[in-house]
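Note sheet for the following structure.
The values are calculated or read from the model by the stated rules, or taken from the named source; none is laboratory data. All of these numbers come straight from a predicted model, not from anything done at the bench. Counting neighbours? That spans all protein chains shown, and the Cβs are built from the backbone with ideal geometry, glycine included.
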Amino acid sequence: MGFKEKCFKKSLWVFHLSAGSCNNCDIEILDCLTPRYDIERFGMKLVGSIRHADVLLVTGVVTKKLLPRIKEVYDQAPKPIVVVAIGVCSCTGGMFKDCYTFKGPLDKVIPVDAYVPGCPPKPEAMLAGIMKLLNK
Amino acid sequence: MGKEIFYFLIFPGLLFSGIVGGFLSWFDRKITARVQFRQGPPLLQPLYDFIKLLTKETLIPKKGSQFTFFVAPILALFGAVISAVFILLPLFGIKTGFVGDLIVIIYLLNIPSLSYMIGALASGNPLAAVGASREMKLILSYEVPFLLVLISIILKSGMSIKLSEIIAFQAANGAFIGSVSGVIGFIVILMCIQAKLGLVPFDMAEGEGEICDGITIEFSGTTYALVNLAKYIMLFVLPALVVGLFFAGMNFEGINILWSVLKVVLVVLLVTLIRNTSPRVRIDQAMRFFWIWMNLLAIVSIILAIFGL
């Protein structure tokens, strides 16, 4: 593992994109910042702009309305970027898979590196998912 | 010539102040974490962040002025490093500077903020433009109290506008923080530093919740790394200036080294605690705060300084 790669893994800045979610996964993502989980130990922090991000967390059903926006946000991100699908909605579609606004699970739209299923997934599950991805 | 380049690039300049600033930025984040009962980032976190940003892809917005956008972070870094050289050389007692270097320092300390503004306006992003306009208003509000405090210091030090003479005067007659006008001036300059660094009560230029990092929204990769480095350096330089103006500078003989380091760390600690215990104010509230209350305090400080208190 080179020094460059190590630096990337030690300082992941997370951008959080809600693709039509019910806000449950978003609240659980914010839980990761709290003293109990404290993702800043690993050098992660939540950033406000996609231009600074290294990890793109996508939550929610990929709806027809948000499909072009998700693609645009992915294009705006500086590469290399890690895409993580949070929650069962963005992984497979879940209970909304037959809905008329549903436009495929997230990996049909942009390449996804990790899936964290759950409705909503626990903060431990998200941390475990990202750690597994980093140790790959 | 070689000596000046050494000053600029290695010792009080880019390398040294960058490393110390990175350490202070880690300290700031660690104290923030401890205040919130968290564990906080590891010691090398600023280095990791910097290297990671340097090696990432740099995107330059298609609309807007691309050359200006790319040059603005470099200008910001130049401003921060040159002000570091001008402030730290008299502070470490290496070189005494020239008559009137305090005025040059006032100008140089503004260059980073101005460059962020130029970069934000050149990016063509509407949120960045909002951030830039807020930063502009913030500069207009905090510059006047800052200058008034410097006037009170000049009055107290017997009309000297040379940083090394001010420090020597304090070394002979006791630090300015020991007097009433000094304490009032210190409060005002602490608030001005908070606004100059863009930390929480006055971080409306990069309000994360509302305008998504504001002035730095379009910076990515190398350009954002340079912006971050300039911020690290400013986090070292401004407390160092306060130490020079109020705490009798630094002394590097024996046990005094520890005391000198503690002074800088103490000012950074105060800045961090203010940042952690206050909410963000609106831009009009900030202007009112600086124009009415801080100016009033600074004028009181000048009047007390004239009477020699």
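With respect to the conditions (1) crowded, with 18+ Cβ neighbours inside 10 Å; (2) farther than 27 Å from A:Lys10 by Cα; (3) hydrophobic (A, V, I, L, M, F, W, C); (4) touching a residue at least 40 places away in the same chain (Cβ under 8 Å), B:Ile94 falls short on a single one, namely (1).
Do we find that A:Val58 is under 24 Å from B:Thr216 (Cα atoms) and either more than 12 Å from every other protein chain (Cβ to nearest Cβ) or touching a Ser or Thr at 6+ places or on another chain (Cβ under 7 Å) (or both) in this structure? It is true that A:Val58 is under 24 Å from B:Thr216 (Cα atoms) and either more than 12 Å from every other protein chain (Cβ to nearest Cβ) or touching a Ser or Thr at 6+ places or on another chain (Cβ under 7 Å) (or both). Tallying residues that are over 22 Å from the mean Cα position of the chain (by Cα), among the aliphatic types (A, V, I, L, M) and at pLDDT below 85 within segment B:129-185 yields 4.
Let's see how each residue does on (1) free of Cβ contacts under 8 Å to residues at least 60 places away in the same chain; (2) out of contact with any Ser or Thr (no Cβ under 7 Å at 6 or more places or on another chain); (3) among the polar types (S, T, N, Q); (4) over 30 Å from B:Phe8 (Cβ atoms):
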{"residue": "B:Ile105", "(1), (2), (3), (4)": "no, no, no, no"}
{"residue": "B:Pro112", "(1), (2), (3), (4)": "no, yes, no, no"}
{"residue": "B:Val130", "(1), (2), (3), (4)": "no, yes, no, yes"}
{"residue": "B:Ile139", "(1), (2), (3), (4)": "yes, no, no, no"}
{"residue": "B:Ile153", "(1), (2), (3), (4)": "no, yes, no, no"}
{"residue": "B:Ser181", "(1), (2), (3), (4)": "no, no, yes, yes"}
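Checked against the criteria, A:Ala19 does not count as in contact with a Phe, Trp or Tyr (Cβ under 6 Å, 6 or more places away or on another chain) and not β-branched (Val, Ile, Thr).
Across segment A:22-42, not a single residue is classified as in contact with a strand residue (DSSP E or B) (Cβ under 6 Å, 6 or more places away or on another chain) and under 25 Å from B:Thr55 (Cα atoms). Within segment B:43-79, being over 20 Å from B:Pro112 (Cα atoms), more than 8 Å from every other protein chain (Cβ to nearest Cβ) and out of contact with any Phe, Trp or Tyr (no Cβ under 7 Å at 6 or more places or on another chain) holds for B:Lys62, B:Lys63, B:Gly64. Kindly indicate whether B:Leu235 is at pLDDT 85 or above and away from chain A (no Cβ under 14 Å). Spelling it out, B:Leu235 is indeed at pLDDT 85 or above and away from chain A (no Cβ under 14 Å).
Annotation note: of A:Lys45, A:Lys4, A:Lys10, the sole residue that is under 27 Å from B:Ala128 (Cβ atoms), charged (D, E, K, R) and at the interface with chain B (Cβ under 9 Å from one of its Cβ atoms) is A:Lys45. Assess whether A:Ala77 counts as being in contact with a helix residue (DSSP H, G or I) (Cβ under 7 Å, 6 or more places away or on another chain), at pLDDT 85 or above and small (Gly, Ala, Ser). Against the criterion (in contact with a helix residue (DSSP H, G or I) (Cβ under 7 Å, 6 or more places away or on another chain), at pLDDT 85 or above and small (Gly, Ala, Ser)), A:Ala77 qualifies. Of the residues in segment B:96-116, at least one is over 16 Å from the mean Cα position of the chain (by Cα) and on the phi > 0 side of the Ramachandran plot. Of the strands (runs of 3 or more DSSP E) lying entirely inside segment A:37-136, those containing at least 3 residues that are closer than 21 Å to B:Phe219 by Cα are A:55-59.
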